[in-house]
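**Student:** I have a structure I would like to understand better, so I am pasting it below and will then ask my questions one at a time.
The values are calculated or read from the model by the stated rules, or taken from the named source; none is laboratory data. What you see is a predicted model, and the numbers here were worked out from it, not measured in a lab. A quick note on method: Cβ atoms are made from the backbone with ideal geometry, for glycine too, and the neighbour counts reach across all protein chains shown.
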Amino acid sequence: MTELIERPASFGPEGTLFGLLSQAASESPTGIGCLVLNTGANHRIGPHRINVKIARRLAGVGVPTLRFDLSGIGDSPSAQTTQSFRTQAVADMKAAMDHMEDSLGLHRFLVFGICSGAENGLAIALADPRVVGLMTLDGAIYLTRTARIERKLRRWAAFPVNGAVRRSYAWWRDLASAASGDAEGRAKTLQRLRSTFLPGANSAPNANIFEADTPWVSAEEHGHKLSTLLDRGVALCMLYSATYNSSDRNRGMLGQLAGAPYLERIDYRYMNDVDHTATTLEMQGKLLGAIEAWATSVAKRTPPQQQQTFAARTRPTAEAKLSALKEAVSI
């Protein structure tokens, strides 16, 4: 078993971003690092500690991995800035790669994210050429109208016999609460009925601060982003769990992109025995195995001489910075 070293990392312009860096005790033979991103508001351990397990699994095969908290999540305080969440997230992820580059000499990076982490991963992959591989679980979904109808019918068929399906509907949870005498559930149910049968009765603005203010991205725009990364040589692996649809045919989660020539270059996998957060140990084992196999295969793609060329054009070395500073001072 490979001996691992784990140490805390503080980085970013103000040193306020926090994470845990996992690496093998011996020098990394792969020359590649990995960022593991937050899922929603979950801090760096991830749902069911999956981020911890990913980081240690990859470190064990020679891929140093940093799991960290974006600004405003976990142990990283909110950034003192007026930037949007996505813009700040990209800056945070760049800072994470800078830290691994400065401390470990790495110039190529993989990124892994679940759900919102997948969206952030796509953003940093587009923004920074140091990212050579992106793996996502349950990222953006573009079902066709037929697939959405099929999913709805399947859920309706399961509704009478499956408690988990019933509880997935907010109106059912509120109705059940109201039936048990809960005042809040009763109020929500009545409000929902008024909104349905008396549309003008609910004119108050929605003040739910927990709703994301994320712009909608069309299938065409999303496809353009994927194509851009593929043309740059980025390895894309898109995993989808059975949580959003219990069946998948012909890359159905990206059904609206069907026929696009770039789709064949994407490593697309539907994991019908894994849910959205890899809840059970069996699910986690399958997900970890897929991540390890993909990461090691991507790490082998770029020969050492190409790594050096890539590093030279992405971020100047300390010596280059010093030389540039001396030149600037002498002018």
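**Student:** Using beta carbons and a limit of 7 Å, which pairs, at least six apart or on different chains, have the first residue in the range 242-258 and over 15 Å from MET271 (Cβ atoms) and free of Cβ contacts under 8 Å to residues at least 24 places away in the same chain and the second one among the small types (Gly, Ala, Ser) and surrounded by 13 or more Cβ atoms within 10 Å (Cβ to Cβ)?
**Tutor:** Listed by first residue and then by second, the contacts come to ASN250/ALA258.
**Student:** Residues to consider are SER84, SER10, SER26; find the one that is closer than 27 Å to ALA235 by Cα, surrounded by fewer than 21 Cβ atoms within 10 Å (Cβ to Cβ) and hydroxyl-bearing (Ser, Thr, Tyr). Break it down stepwise before answering.
**Tutor:** Working: SER84 fails: closer than 27 Å to ALA235 by Cα; SER10 fails: closer than 27 Å to ALA235 by Cα.
When all the criteria are applied, what remains is SER26.
**Student:** Restricting to the range 92-114, count the residues that are at pLDDT below 95 and within 23 Å of SER78 (Cβ to Cβ).
**Tutor:** 0
**Student:** Which condition number does GLY62 fail, the rest of (1) in contact (Cβ under 8 Å) with a residue 60 or more places away in the chain; (2) assigned to a loop (DSSP other than H, G, I, E, B); (3) under 18 Å from the mean Cα position of the chain (by Cα) being met?
**Tutor:** Evaluating GLY62 over (1) in contact (Cβ under 8 Å) with a residue 60 or more places away in the chain; (2) assigned to a loop (DSSP other than H, G, I, E, B); (3) under 18 Å from the mean Cα position of the chain (by Cα) leaves (3) as the failure.
**Student:** Tell me, yes or no, whether the range 281-299 has at least one residue that is closer than 25 Å to ALA219 by Cα and either touching a Leu at 6+ places or on another chain (Cβ under 8 Å) or not assigned by TED's automatic domain parsing to the domain that holds ALA55 (or both). It would help to see each step written out before you state the result.
**Tutor:** Of the residues in the range 281-299, the ones closer than 25 Å to ALA219 by Cα are none.
For the range 281-299, residues closer than 25 Å to ALA219 by Cα and either touching a Leu at 6+ places or on another chain (Cβ under 8 Å) or not assigned by TED's automatic domain parsing to the domain that holds ALA55 (or both): absent.
**Student:** Show the residue pairs that are 6+ apart or on different chains and have beta-carbon atoms under 6 Å apart, the first residue being within the range 3-21 and in a strand (DSSP E or B), the second being acidic (Asp, Glu).
**Tutor:** LEU17/ASP92; PHE18/ASP69; PHE18/ASP75; LEU20/GLU6
**Student:** Would a scan of the range 133-154 turn up a residue that is without any contact (Cβ under 8 Å) to a residue 40 or more places away in the chain, over 9 Å from the mean Cα position of the chain (by Cα) and assigned to a loop (DSSP other than H, G, I, E, B)?
**Tutor:** Among the residues of the range 133-154, not one is without any contact (Cβ under 8 Å) to a residue 40 or more places away in the chain, over 9 Å from the mean Cα position of the chain (by Cα) and assigned to a loop (DSSP other than H, G, I, E, B), which makes the answer no.
**Student:** Does THR228 satisfy being at pLDDT below 95 and out of contact with any Cys (no Cβ under 8 Å at 6 or more places or on another chain)?
**Tutor:** Details: at pLDDT below 95: no; out of contact with any Cys (no Cβ under 8 Å at 6 or more places or on another chain): yes.
No.
**Student:** If you don't mind, another one. I'm trying to understand the selection: among the residues of the range 129-183, which are aliphatic (A, V, I, L, M), surrounded by 12 or more Cβ atoms within 10 Å (Cβ to Cβ) and at pLDDT below 85? Before the answer, list the steps.
**Tutor:** Let us first name the residues in the range 129-183 that are aliphatic (A, V, I, L, M), namely 131-132, 134-135, 137, 140-141, 143, 147, 149, 153, 157-158, 161, 164-165, 170, 175-176, 178-179, 183.
Add one more test, that the residue is surrounded by 12 or more Cβ atoms within 10 Å (Cβ to Cβ), and what stays is 131-132, 134-135, 137, 140-141, 143, 147, 158, 165, 175-176, 178.
Selection gives VAL165 alone.
**Student:** Continuing with this model, one more query. State whether the residues of the range 232-240 include one that is hydroxyl-bearing (Ser, Thr, Tyr), surrounded by 15 or more Cβ atoms within 10 Å (Cβ to Cβ) and at pLDDT 95 or above.
**Tutor:** Within the range 232-240, the subset hydroxyl-bearing (Ser, Thr, Tyr) is 240.
Still in the running and surrounded by 15 or more Cβ atoms within 10 Å (Cβ to Cβ): 240.
Now narrow it down to the ones that are at pLDDT 95 or above: 240.
Yes - at least one qualifying residue is present in the range 232-240.
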